[in-house]
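Report on the following structure.
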Amino acid sequence: MKKKVVSVLLTAAMAVSLLAGCGGSTSEGDGDEPKKTAEEEAGVETVEEKSITGAEFDPSEVYAKDNSGIKIGLTLMTYDFQFFRDMIAQAKSTADELGVELIDYDGSNDTTKQANAVDDLVSQGVDALFLNPVDGDAIGGATQEANGAGIPVITVDVKSSTGKVECHVSSDNKMIGEEAAKAAVELLKEKNGGESGFIYILGFDPISSIRDRAEGFIEYIEQFPDIEYVHEDPDTLTAEKALEKMEAVLQTYGEGKVDIVFGANESDAIGVISAADAAGRKDFSVIGVDDSPTLNEALADPDSIYYASVIQQPMEMGKYGVELCTMAAQGMDLDATYIATPLLTVTKETIADYEKDMAEKREALADYYD
């Protein structure tokens, strides 16, 4: 069967730059001075990159040190979602365990407010900065301000596009897409008796993390010539726009024409499920990304078409971020410039165990949730 590939990638402007790598090499010009790279022109300090997984990261040495007197400044893009509430709760707990002071600011999804927060943290003389930017481009000036003050910067989930970042901690978004694709292939085997079928992919190209998830998904399923797919994006990244896009898809593809829909983030998946419910369609399954009450409820519902979520680990991000900041403040070797946090694929069969585990973890951190 010939593969059908349709990619509709919108050019909606969004100023979010996720996982923007730093590094590069110089090339010789006509004169004696080496020619500057684009990264250097932009103010990015080039470093030799070393990536490891969370399982390979060993911060045990810093727990044996006297960390009293160390102040870590932290600002997250927002405290409005469970993802970030889990991250900050674990960060506060880890700070207490290490014996460091943590000064935190809610970025409130406001680039100016977050830049002002960094300015305040720098003026307070923090020893390291834990930074989860609202916008990777907009935070560059604040990152460089911290660099100028000699304050090491650790970024989490979203990387600063300019300035020196000692280490970046995040999920590997291409791996998220690959894990979702593995679940899709297994589902196709169950449904169709083999690695064949039709998948609709709903992403959002202007945001690099979501684009990477779609790319990772596509790269994996392209190994199977009998799997067809269409990749399209909503106009904007909201559940409402994803619902509108899916309503049009359901009109185009009648009953039995679609096997699986992959929604590359929470709002995509919620929009797809809502459109299917409104249309009374039960002929396909949905695979999504992230842990949210709405998606978890859909997974737990045996009648829902929601089949699996690839879930990130914000608590691990919060823990690693504070550990790395403390290590940097102590002048220790951080072992890596990028740490990939673990992923977990949760299905209808495992959602009950997952929710029990998360309830226990959140209960253990109860004193650290505002």
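The values are calculated or read from the model by the stated rules, or taken from the named source; none is laboratory data. Note that the structure is predicted; figures quoted are calculated from it, not measured. Neighbour counts run over all protein chains shown; Cβ positions are idealised from the backbone, glycine included. Surface areas here come from the heavy atoms of the whole protein model, side chains and all, with no ligands, DNA or RNA. Shrake-Rupley method; radii C 1.70, N 1.55, O 1.52, S 1.80 Å.
Odds and ends about this structure:
- Principal axis box of segment 281-363, alpha-carbon based, largest edge first, Å: 57, 27, 17
- Centroid-to-centroid separation of segment 57-100 and segment 305-370 [C-alpha atoms, Å]: 12 Å
- Translational diffusion coefficient (Stokes-Einstein; Kirkwood radius from C-alpha pairs) of segment 110-221 at 37 °C, 0.692 mPa s, in µm²/s: 203 µm²/s
- Taking every protein chain into account, the accessible area of the chain amounts to 44 square angstrom per residue (probe 1.4 Å).
- Shape call, segment 49-92: gyration tensor on alpha carbons, a/c limit 1.5: oblate
- 22 Å tail of the calculated P(r), segment 79-165, as % of Cα pairs: 21 percent
- Summing charges over all other residues whose Cβ lies under 13 Å from the Cβ of ASP268, with Lys and Arg as +1 and Asp and Glu as -1, gives -4.
- Debye intensity ratio in log₁₀ form over the Cα atoms of segment 125-174, taken at each q of 0.13, 0.14, 0.24, 0.28 Å⁻¹: -0.26, -0.30, -0.81, -1.06
- Residues considered: GLU145, GLU215, GLU186. Largest GNM mean-square fluctuation over the chain, using C-alpha springs under 10 Å, is found at GLU186.
- Contour excess over end-to-end distance, with Cα ends at ILE103 and TYR253 and 0.36 nm allotted per residue: 48.8 nm
- Efficiency of FRET between ALA64 and ALA359 - r from beta-carbon atoms, R0 41 angstrom, step 0.05: 0.80
- Shape analysis of segment 218-370 based on the Cα gyration tensor places the equivalent ellipsoid semi-axes at 35, 20, 14 Å, largest first.
- Debye log10 I(q)/I(0) for segment 161-286, one point scatterer per Cα, at q = 0.23 Å⁻¹: -1.38
- Over the chain, DSSP H runs of length four or greater, each weighted -39,500 (n - 2.57), average out per residue to a 222 nm ellipticity of -12500 deg cm²/dmol.
- Gain on full extension, evaluated as 0.36 nm per residue between THR112 and PHE81 minus their Cα-Cα distance, stands at 9.2 nm.
- Here the gap between ASP119 and ALA352, fully extended at 0.36 nm per residue and compared with their Cα-Cα distance, gives a gain of 79.5 nm.
- Most mobile listed residue (GLY150, GLY271, GLY69) in the chain, GNM with C-alpha springs under 10 Å: GLY69
- GNM remark for the chain: springs join alpha carbons under 10 Å apart, and the peak mean-square fluctuation among SER160, SER209, SER292 falls on SER292.
- Separation of the ASP367 and LYS191 label points, Cα + 7 Å toward Cβ, nm: 4.8 nm
- In units of the rule-of-thumb radius 2.2 N^0.38 Å, segment 262-318 shows an alpha carbon radius of gyration of 1.14.
- Summing +1 for each Lys or Arg and -1 for each Asp or Glu among the other residues whose beta-carbon sits under 12 angstrom from that of GLU178 gives -3.
- For the chain, carbon and sulfur atoms together expose 46% of the accessible surface, with a 1.4 angstrom probe and every protein chain in place.
- Percent of alpha-carbon pairs separated by more than 34 Å within the chain: 32 percent
- Simple label model, 7 Å out from Cα along Cβ direction - ALA300 to GLU240, nm: 2.8 nm
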